[in-house]
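Just below is one structure, and these are the notes that go with it.
Throughout, read-outs are computed from the coordinates displayed, never taken from laboratory work. Treat the numbers as computed from the prediction; the structure is a model and nothing was measured. Methodologically, a virtual Cβ is constructed for each residue, glycine included, from the backbone with ideal geometry; neighbour enumeration extends over all protein chains shown.
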């Protein structure tokens, strides 16, 4: 297929969304990336199929609408069939390349799809309420509280060094608290999940950020326990549950690039 | 925007965002999908686009002087010196009361705004985005 690599400018490629079992059929209303949205089709090989749509190679990719289209398609698919998300932005030269890809890793992809049968991802986010978490920290740390008394109400220009010192102490306190909250969350939910994948904090005030792979028959119990967990932290942590999602955080073991 | 009430109670402490990007903000979408998924290697002819976006997620939260000063500012906003500050159980007890509910909700709105602001920044001006870490490092020196 190497002769396909040199495509002239203005040519089109195939954007790959994900890999699914071969019996998956995109519905006519499925919209792909691009403007106007590309038509989503499948390329099949053996027991596998890839969800793809045509894109212009010159077209800018990665507009918010493209990201949303990508996620909508994958999450919608995950609700009815197992799917392995392919990293956003993966474009190959044509359907031959897609078939090559499916052929080269057929058994690996098929096994991975088996693992995701009747399983979905949920992502749990927590964000500390800034005032609540700082108050808690100052209450437990007398040297930080003393420093807080010194800087409070004074202009930044004349208390900058103390402020930096205080802020650093708070920052470390929040980090420890975050580690503890993440651990507690994982411990609490472990009986109801297949596995978990920690995610990096995306904000200084993140309290927790963990992806869970959940068996569909345990979904209700998982949500119920999580609601209890959130209730116990009301006022301190703003908790959000995203999902059900395609298993974005659980395909890393199946990465092909080394 | 889907606010599912799987638990059956309004006012649940757990906010729900459905999949499919429908219930979440753009920040959720970016965080959920970027930098995830099967990586196809180059044995098939592959062109990868959207590289700039992939970099956004690679930004890790690094504590900086800016962060520290912001935390110190938050201390200014705390109403009273928390000498005998309540522990977590008290806080939770209070928050369950009707009186504090309003406060919790307004705080929440603020957080949501901050999130969308952050993404607007990172999406609308990638060039500037890349400058930022550099500037931070300079300030720390």
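The fewest-to-most ranking of A:136, A:107, A:66 by surrounding Cβ atoms within 10 Å reads A:107, A:136, A:66.
The stretch between residue A:160 and residue A:194, if pulled fully straight at 0.36 nm per residue, gains 7.4 nm over its current Cα-Cα span. Ordered by the count of other Cβ atoms within 10 Å of each Cβ, fewest first, A:208, A:169 give A:169, A:208. Residues A:183, A:233, B:16, ranked from the fewest to the most other C-beta atoms within 10 Å, line up as A:183, B:16, A:233. If you plug the beta carbon distance of residue A:175 and residue A:22 into 1/(1 + (r/R0)^6) with R0 = 51 Å, you get a FRET efficiency near 0.65. One decimal place: the segment residue A:107-residue A:216 gains 36.8 nm when fully extended, by the rule 0.36 nm per residue minus the C-alpha distance. Helix A:64-78 and the long axis of chain A differ in direction by around 70°, with both axes built from C-alpha atoms.
For the stretch A:27-115, the relative contact order comes to 31 percent (Cα pairs under 8 Å, sequence separation of at least 6). Per 0.36 nm of contour for each residue apart, how much would the distance between residue A:79 and residue A:150 grow if the chain were fully extended, relative to their Cα-Cα spacing? Gain on stretching residue A:79 to residue A:150: 20.0 nm. The simple Förster model, with R0 at 45 Å and r as the Cβ-Cβ distance, assigns residue B:73 and residue A:225 a FRET efficiency of 0.75. For the segment A:161-173, counting C-beta atoms of other chains within 10 Å of every residue's C-beta and taking the mean gives 5. Normalised by the number of residues in chain A, the mean separation of alpha-carbon contacts (under 8 Å, six or more apart) gives a relative contact order of 23 percent.
Using a ≥ b ≥ c from the Cα gyration tensor of the stretch A:79-129 (square roots of the eigenvalues), is it rounded, prolate or oblate, where a/c under 1.5 gives rounded and otherwise the larger of a/b and b/c decides, a/b for prolate? In terms of gyration-tensor shape, oblate. Ellipticity at 222 nm from helices only: DSSP H runs of n ≥ 4 in chain A, each -39500 (n - 2.57), divided by the residue count, give -13000 deg cm²/dmol. Roughly how tilted is helix A:219-232, in degrees to the nearest 10 and between 0 and 90, from the longest Cα axis of chain A? It works out to around 20 degrees.
Helix A:156-189 and the long axis of chain A differ in direction by around 60°, with both axes built from C-alpha atoms.
Once you have a ≥ b ≥ c as the square roots of the Cα gyration tensor eigenvalues for the stretch A:167-258, tell me rounded if a/c is under 1.5, and otherwise prolate or oblate according to whether a/b is larger than b/c. Cα axes put the stretch A:167-258 in the oblate bin.
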